[in-house]
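Q: For reference, the structure I am asking about is given below.
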Amino acid sequence: MSESQEFARSEDRDLGFGSVVARDTQRRLLNRDGSFNVLRKGRGIRSALSLYYSLLSMSWPRFFLLAIMAYLTANAIFAAGYLFCGPDALEGGLAATGGGRLGQAFFFSVHTLSTIGYGHIVPASPGANVLVTFEAMVGLFGLALGTGLIFARFSRPLAIDVGRIHDIEAV
């Protein structure tokens, strides 16, 4: 066998993981289609169901839908908390009916969670003030986490379709 044939044959076996790994296992680490021929063992259910990875890898429309749903759900939960504090928990609104109070509490929650604070409705009871304090903190943390997730999604490297590279003309 010539030297070039020997090199080509050894190059086919070593897939960039080193000759020691290829020699010891006598099996390919990569399949011919490029997928890994590796079976992971010992992964717990916690690492298999990674929320962070799921949020990074889902489509943009699904990500935004989930973010909107989380935002509306958080505001609804805090609105229910304001209603639970009693009828005099919020002061300055005009709504006297149950449905009107729910809307008032919901939009007060939107103002508080988003740190807008228009100022027409204010918390009037100690329980409502504690809830406002907690909601403001949740809003700040939520904004930081959302910003970090969006940045991570934008900065994540993606595979390039090599077939399309030839379609791009040099300038």
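Q: Before we move on, is ALA144 part of a helix (DSSP H, G or I) and either of a type in the set (S, T, N, Q) or touching a residue at least 24 places away in the same chain (Cβ under 8 Å) (or both)?
A: Values: part of a helix (DSSP H, G or I): yes; either of a type in the set (S, T, N, Q) or touching a residue at least 24 places away in the same chain (Cβ under 8 Å) (or both): no.
Criteria not met by ALA144.
Q: Here are ALA136, ALA128: which of them is of a type outside the set (Phe, Trp, Tyr), modelled with pLDDT of 90 or more, over 30 Å from TYR52 (Cα atoms) and in a helix (DSSP H, G or I)?
A: None of the others qualify; the one that does is ALA128.
The values are calculated or read from the model by the stated rules, or taken from the named source; none is laboratory data. Owing to the predicted nature of the structure, the values given are computational and were not obtained by experimental measurement. Glycine gets a Cβ as well: all are built from the backbone with ideal geometry, and neighbour counts include every protein chain shown.
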